[in-house]
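The values are calculated or read from the model by the stated rules, or taken from the named source; none is laboratory data. Everything numeric here is computed off the predicted structure, so don't read it as measured data. Please note: Cβ atoms are built from the backbone with ideal geometry, for glycine as well, and neighbour counts cover all protein chains shown.
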């Protein structure tokens with residue numbers, strides 16, 4: 001004979017089972033929502049970064065006289081970014097052959113010398129200075145007529161660019177040009193060759209019989225290029241910090 005107590009326990013057991021089932025279903029649904037959000041986030045990131053890259057390429061196509069700007073100069077991370085850099089280098093080479101003047105300001109860190117070397121070899125003028133703005137936004141000014149601004153996902157010179165904004169404005173171009181000129185004219189700004197020479201001299205001060213092979217491997221610059229710069233009669237610019 002089924003007692004009242006047994007009936008109540010049975011009902012409680014059934015309710016507990018139903019609760020557990022609903023909880024499991026809710027957790028699965030929540031995980032599904034989170035996975036969906038992550039996938040959408042990844043897709044959005046790819047699209048926005050691709051959009052920025054497309055704007056960069058479009059800017060190179062539109063340039064007739066000059067391009068200058070502050071860029072991160074970070075080494076490519078992965079095959080996709082490597083292909084982007086190759087495309088940019090090709091455009092720099094083609095434009096400089098046509099007489100377009102191209103100048104870039106890059107943060108003064110040794111891991112940025114690889115990009116400086118490649119841009120310099122393609123025909124651009126490359127300078128190094130830790131101008132603060134490049135940590136928060138990267139920019140290019142094309143023909144002093146329009147600006148391309150890249151915004152990172154969060155503050156930091158190593159952070160990837162999230163999205164690009166193209167602004168056709170002579171006035172804004174002039175304002176950003178003023179910031180660039182202040183950096184370029186700073187006594188702490190070094191050309192690509194001056195910065196490499198500075199590093200070589202600092203290393204020779206520590207070890208006079210310098211072996212260029214590990215240096216070339218570390219900086220991702222050919223040994224022949226390092227030896228060429230070593231022979232140049234260059235006086236390195238004063239610096240607040242030597243990043244080795």
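One residue alone among 100, 141 is modelled with pLDDT of 95 or more and surrounded by 20 or more Cβ atoms within 10 Å (Cβ to Cβ), and that residue is 100.
When residues of segment 199-208 are filtered for being touching a helix residue (DSSP H, G or I) at 6+ places or on another chain (Cβ under 7 Å) and without any contact (Cβ under 8 Å) to a residue 60 or more places away in the chain, how many remain?
In the first step, residues of segment 199-208 are kept if they are touching a helix residue (DSSP H, G or I) at 6+ places or on another chain (Cβ under 7 Å); the result is 199-200, 203.
From the residues that got through so far, the ones that are without any contact (Cβ under 8 Å) to a residue 60 or more places away in the chain too are 200, 203.
Here the count works out to 2.
Here residue 80 meets each of (1) closer than 27 Å to residue 145 by Cα; (2) under 15 Å from the mean Cα position of the chain (by Cα) with one exception, condition (1). Listed by first and then second residue, the pairs linking a residue in segment 171-190 that is in contact (Cβ under 8 Å) with a residue 40 or more places away in the chain to a residue that is assigned to a helix (DSSP H, G or I), with Cβ atoms under 8 Å apart and 6 or more places separating them unless they lie on different chains, are 179/133; 189/183; 190/198.
Do any residues in segment 216-231 that are more than 20 Å from residue 76 (Cα to Cα) have Cβ atoms under 8 Å from those of residues that are exposed (fewer than 13 other Cβ atoms within 10 Å of the Cβ), where the two are at least six apart or on different chains, and which pairs are they? The qualifying pairs are 223/213.
In segment 168-180, the count of residues that are part of a helix (DSSP H, G or I), modelled with pLDDT under 85 and more than 23 Å from residue 54 (Cβ to Cβ) is one or more.
What's the total number of residues in segment 64-80 that are surrounded by fewer than 19 Cβ atoms within 10 Å (Cβ to Cβ), part of a loop (DSSP other than H, G, I, E, B) and either in contact with a helix residue (DSSP H, G or I) (Cβ under 7 Å, 6 or more places away or on another chain) or at pLDDT below 85 (or both)? Spell out how you get there, then give the answer.
Start the filter on segment 64-80 by keeping residues that are surrounded by fewer than 19 Cβ atoms within 10 Å (Cβ to Cβ), which leaves 64-66, 75-80.
Those still in the list that are part of a loop (DSSP other than H, G, I, E, B) too: 64-65, 75-78.
Checking which are either in contact with a helix residue (DSSP H, G or I) (Cβ under 7 Å, 6 or more places away or on another chain) or at pLDDT below 85 (or both) leaves us with 75-78.
Here the count works out to 4.
Being over 16 Å from residue 229 (Cα atoms) and modelled with pLDDT of 95 or more is the filter; apply it to segment 120-135 and report the residue that is surrounded by the fewest Cβ atoms within 10 Å (Cβ to Cβ). Here the residue is 123.
In the set (1) outside any helix (DSSP H, G or I); (2) in contact (Cβ under 8 Å) with a residue 60 or more places away in the chain, the condition left unmet by residue 196 is number (1).
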